[in-house]
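Here, each number is a calculation from the coordinates, and none is a lab measurement. Remember, predicted model here, so these are calculated numbers, not experimental data. Using ideal geometry, Cβ is built from the backbone for each residue, glycine included, and neighbour counts are taken over all protein chains shown.
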Amino acid sequence: MRRRVVITGLGPVSSVGIGTEEFATALQQGESGISPISSFDATGFPHRMAGEVPAFDPKQMLEHLDPREWGRTSLFAAAAARLAVQDSGIDPAALSRARAGSSIGTTSGESQVIEELTAQWVAGSLKDLDPALIRATPASRLAVAVNRELGLTGEALTLSTACSASNYALGHAYATLATGEADYMIAGGADSVCRWAHAGFYRLGALTEFVCSPFDRDRSGILTGEGGAALFLEPLESAERRGARIYAEVLGYGLNCDASHMVAPDPVSIAECMRRAHRKAGIDAAQVDYICAHGTGTPANDAMETQAVLEVFGPKPPPISSIKSMLGHTMGAASGFGAIASALGIARQFIPPTINFRTPDPQMPGIDPVAGVARPARLRVVQNNGFAFGGNNAITILGEVA
Amino acid sequence: MTTEPSSTSFPPPEPLYITGWGVLSPLGDGADEFSDAVVEGRTALTDVSSMFEEELPGDQAYALAEFRVRDYLGRKGTSFFDRSTALALVASDRALKDTELVVTDDNRDQVGLVLGTTTGSIKSTSDYSRETLTQRRPYLVNPVLFPNTVMNCAAGQAAIWHKLKGVNATIAGGQLAGLSALRYACRTLRWEDAEALLVGAVEEFSPHTAWATHLATSPVPAGEGAAVFVLETAAAVADSGRRADAEVLAVELATADPERGTEAAAEVFAQCIRRALRVAGVSADELWAVAPGSTAAGRIETAALAAVLGPAEPVRLNVAELVGECHAASGALQIAAVLAHHRSNPTLDGCPALVTSATREGTVGAAVIRGWHRDRGDHGQ
């Protein structure tokens, strides 16, 4: 027996808004969260824009954790989780007594803590490192921060499968609930903007200067982003029993690995991942009403993703948009934000847009990127794509509760 | 504190078996060498003073002082591997050679990898970050090394090396990584996302980990190693008529917030261990051994074990005394140490053992496994 699992709470801490209402409004209006980098000294970098969350104030959002003892990424995760629980309307005390846990995805974990330690190393030597910072380093702390903020005693799993990690986390949380191993789960992801990723993407030729324009003929790369994305999950029966607002049902997920190249995406493998996700969710490709794209805005990703979509869906695929046009690439949080956007789209009947889209790419025929602003639409089934370095493909399928 | 399952209508979970395993550790290369060393009680402590240019906190640590990846995997395609990646690749290679599972084009999309880590290769990441501060321009980093800074580098490279196209997950768990990876792998197999998984964990030794371990006042110096197990469903093992090295009877995880005090945290940990024993259908006095975790959460773990075991006195396998503070690799090496004793000792056949782990932050876990011996030469083909 497998229980049906639904999403009843959302917790976006993003560059376009904190909390469900701000985030939903930004998606509908096609707002940009891109600004000049302030979290590190970007002097000397040719490109100096990113999707930071300067409005993030963990002290205002967290009820239990002491922000001084945790790195920025753990705080993003914990704050997002707190928001998702508030949004779900569940009694936090009852939640902490229940069989509840979290699974949180990330690419770079506590990257800003590691950079601060590295600066101490450069300024002195390794033996001068601050032990308090060392304690704040492990990436495993992201999920622990969620559990400790909420007083959860279940598992705290941090999945570090890079930029598809939130979908890994969401899939795990869903299966854990479906099999009865837990009764409530927080799933999502978190990452922070950092120097080394900014430098690395620039040197790979994957970083654009001002504007991220996925699926556009003239797209020229990503902008790095940050934030925390959390979803509150419970069995359908439990949501109905407590009269909770249900955003969407988790129908299934598919995972696979290119096993061919660390950086270059493989469209054959991505197509296979889509088919696997459809099979596991018990749907046909024809049922998908919208694809929330990985859509990084690099020439290679969007071309390969499109190729896979055309192979699986035929020449007339459903609308496919990229919220990275608004948020930048939030790395391990990206498919978490994609899941939140998909759930909102299902619940409030709209397709999130791709902003900055001007010119169709003749190499990608048949693509409808939902340019500019959101489009009203009833979404029964949504496919949320997440791909990553290491060839780690992860796709989740969400749907209207039927 | 934790309420019992709200529903009892779930069938008992499908049994899962370890059909081969591999280790790369200063104690040995491969399951046989490692097993001999563990049974003899050898320690991996060695002179590390000439390993790196950077100063180290001590001349002795539990490291593979002479390790060069090309000696194990050849030169081709290995020159940019960081140490974590190299250790994981060798251990997974040894695991695949130790099992009778054969990976071919017919099943490689159903064979995957679940690998535990702390923070990936912290040396790769920190060195990369350092370049942005010390180069003439902050962006003059080496793009070829950029993938080494992501935590799933080792898992991704292992998938490429062994052509494993199934689920490929990296679990950042610190000392709990081994048990967390095992639990994730069990769930993944039972959800039919894969037919077989390589599951394990890796930690590298570097000046960074040596100092971090030292400055965290660990009672033992840093170590390194990787252990990888081939995990399969009962059906897959039975269908092919193969034998197993061990059955994974239970893996349970919990969060025991240390801020609530040692006593409360130990109680949550004890409940987690009791749950694992209950799922396994094993009582404390049936355990032949307990392999407790790292040294980081000693008091809470000790108290939890005392509460659960009561008068039972299973053998204590203090693996950290042999392999040092191996952080993410600790739990996987503890399981390997249990299997090491089984490997050549038929009198332990079918006897269950308990493995526990904990982190400083309060994640705790318990696994119950039972192993069987192998006759020497009884290897995978």
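With all projection directions averaged, the alpha carbon convex hull of chain B covers 19.6 nm². So which DSSP H runs in chain B come out at 24 Å plus along the axis (Cα) with average Kyte-Doolittle of at least -0.5? The qualifying helices are B:262-280.
Taking GluC sites (Glu not before Pro) as exposed when their DSSP state is a loop state and no more than 13 other Cβ atoms lie within 10 Å, the longest site-free interval of chain A runs over A:210-402. Between B:PRO13, B:THR119, B:PHE229, the Cα set farthest toward the positive side of the dipole of the protein assembly as shown (charges on each charged residue's Cβ, about the Cα centre) is that of B:PRO13.
Take the Cα pairs of region B:1-116, get the Kirkwood Rh, then feed it into Stokes-Einstein at 25 °C and 0.890 mPa s and tell me D in µm²/s.
Using the Kirkwood radius from Cα pairs, D works out to 139 µm²/s.
Rounded to the nearest whole Hz, the Karplus-based 3J(HN,Hα) values (6.51 cos²θ - 1.76 cosθ + 1.60, θ = phi - 60°) of region A:12-27 follow the sequence x, 10, 10, 6, 9, x, 10, x, 4, 5, 4, 5, 5, 4, 4, 4, with x at glycine and proline. The residues packed around B:GLU54, meaning those with a beta-carbon under 13 Å from its beta-carbon, carry a net charge of -1 if Lys and Arg are +1 and Asp and Glu are -1. Dipole orientation for region A:5-241: of the candidates A:SER140, A:TYR202, A:ALA24, A:TYR202 has the Cα lying most toward the positive pole (charges on Cβ; Lys, Arg +1; Asp, Glu -1). Residue by residue along B:230-238, Cβ atoms of other protein chains within 10 Å of the local Cβ number 0 on average. Largest GNM mean-square fluctuation across B:ILE18, B:ILE160, B:ILE171, computed for chain B with C-alpha springs under 10 Å, falls on B:ILE160. Treating each Cα of region A:5-241 as one equal point scatterer and applying the Debye formula with no solvent, the log10 of I(q)/I(0) at q = 0.10, 0.14 Å⁻¹ comes out as -0.48, -0.90. Starting from the Cα gyration tensor of region A:249-399, take the square roots of the eigenvalues, sort them a ≥ b ≥ c, and report rounded, prolate or oblate (rounded when a/c is under 1.5, otherwise prolate if a/b is larger than b/c, else oblate). Because its axes are fairly even, with a/c under 1.5, region A:249-399 counts as rounded. Equivalent-ellipsoid semi-axes for chain A (Cα gyration tensor, √(5λ), whole Å, largest first): 29, 27, 18.
Each Lys or Arg adds one and each Asp or Glu takes one away; over the other residues whose Cβ falls under 10 Å from the Cβ of B:THR255, this sums to -2. The amide H of A:LEU159, built 1.01 Å from its N in the peptide plane, has A:ILE104, A:GLY105, A:THR106, B:ALA172 as neighbours under 5 Å, considering only residues 5 or more places off or on other chains.
Between B:ALA291 and B:LEU317, B:LEU354, B:VAL355, B:THR356, the built amide H atoms are under 5 Å apart, and every one of these is 5 or more places off in sequence or on another chain. Near the amide H of A:ALA50, within less than 5 Å, lie the amide hydrogens of A:SER35, A:ILE37, all on another chain or at least 5 residues away, with H placed in the peptide plane. Put a dot 7 Å past the Cα of A:ASP91, heading toward its Cβ, do the same for A:ARG380, and the two dots end up 3.9 nm apart. Within the same chain, lysines fewer than 8 places from A:LYS127 are excluded, and of the rest, those with a Cα less than 18 Å from its Cα are B:LYS123. With K and R counted +1 and D and E -1, the other residues having a Cβ less than 13 Å from that of A:ARG380 yield a net charge of -3.
Modelled this way, with points 7 Å down the Cα-to-C-beta line, the labels at A:GLN29 and A:ALA132 are 3.9 nm from one another. For region B:246-371, the percent of C-alpha pairs falling in each 5 Å distance bin, counted from 0 to the bin holding the largest distance, reads 2, 12, 24, 25, 21, 11, 3, 1, 0. Put one equal scatterer on each alpha carbon of the protein assembly as shown, apply the Debye formula with no solvent term, and list log10 I(q)/I(0) at q = 0.06, 0.09 1/Å to two decimals. So the normalised log intensities work out to -0.31, -0.73. Evaluating 6.51 cos²θ - 1.76 cosθ + 1.60 at θ = phi - 60° for every residue in region A:375-384, the Karplus couplings come out as 10, x, 6, 7, 10, 8, 9, 10, 10, 10 Hz, glycine and proline recorded as x. Shielding by partners for peptide A:268-275, expressed as the average number of C-beta atoms from other protein chains within 10 Å of each residue's C-beta, is 1. Could you sort out which of A:LYS324/B:LYS165; B:LYS76/B:LYS163; B:LYS76/B:LYS97; A:LYS280/B:LYS165 sit more than 22 Å apart by Cα distance in this structure? The answer is A:LYS324/B:LYS165.
With a ≥ b ≥ c the root eigenvalues of the C-alpha gyration tensor of region A:74-174, is it rounded (a/c under 1.5), prolate (a/b larger than b/c) or oblate? Since a/c reaches 1.5 and a/b is larger than b/c, the shape of region A:74-174 is classed as prolate. Here the label points at A:GLU69 and B:GLN60, each 7 Å from Cα along the C-beta direction, are separated by 3.4 nm in the simple model. Mean partner shielding of peptide B:135-147, defined as the number of other chain Cβ atoms within 10 Å of each residue Cβ, is 6. Each Lys and Arg adds +1 at its Cβ and each Asp and Glu adds -1 at its Cβ; summed about the Cα centre, the protein assembly as shown shows a dipole of about 1300 debye. Largest GNM mean-square fluctuation among A:PHE40, A:PHE56, A:PHE313, using chain A with Cα springs under 10 Å: A:PHE40. Dipole of region B:246-371 computed with +1 at Lys/Arg Cβ and -1 at Asp/Glu Cβ about the Cα centre; of B:ASN345, B:ALA270, B:THR359, farthest Cα towards the positive end is B:ASN345. Judged by the ratio a/c of the largest to the smallest principal axis of the C-alpha gyration tensor, region A:330-402 counts as oblate, that ratio being 1.5 or greater while a/b is no larger than b/c. Under a model in which nothing but the beta-carbon of Lys, Arg (+1) and Asp, Glu (-1) is charged, region B:16-239 shows a dipole of about 780 debye around its Cα centre.
In this Cβ point-charge picture (+1 for Lys and Arg, -1 for Asp and Glu), region A:140-228 has a dipole of about 300 debye about its Cα centre.
Take every Cα-Cα pair in region B:16-239 and report what % of them are more than 24 Å apart. Counting every Cα pair in region B:16-239, those more than 24 Å apart make up 44 percent.
Taking packing as the residue-averaged number of other Cβ atoms within 10 angstrom, the listed peptides A:135-145, B:52-62 run from highest to lowest as A:135-145, B:52-62.
Packing, as the average of other Cβ atoms within 10 Å across residues, places the peptides B:260-272, B:139-151 in the order B:139-151, B:260-272, highest first.
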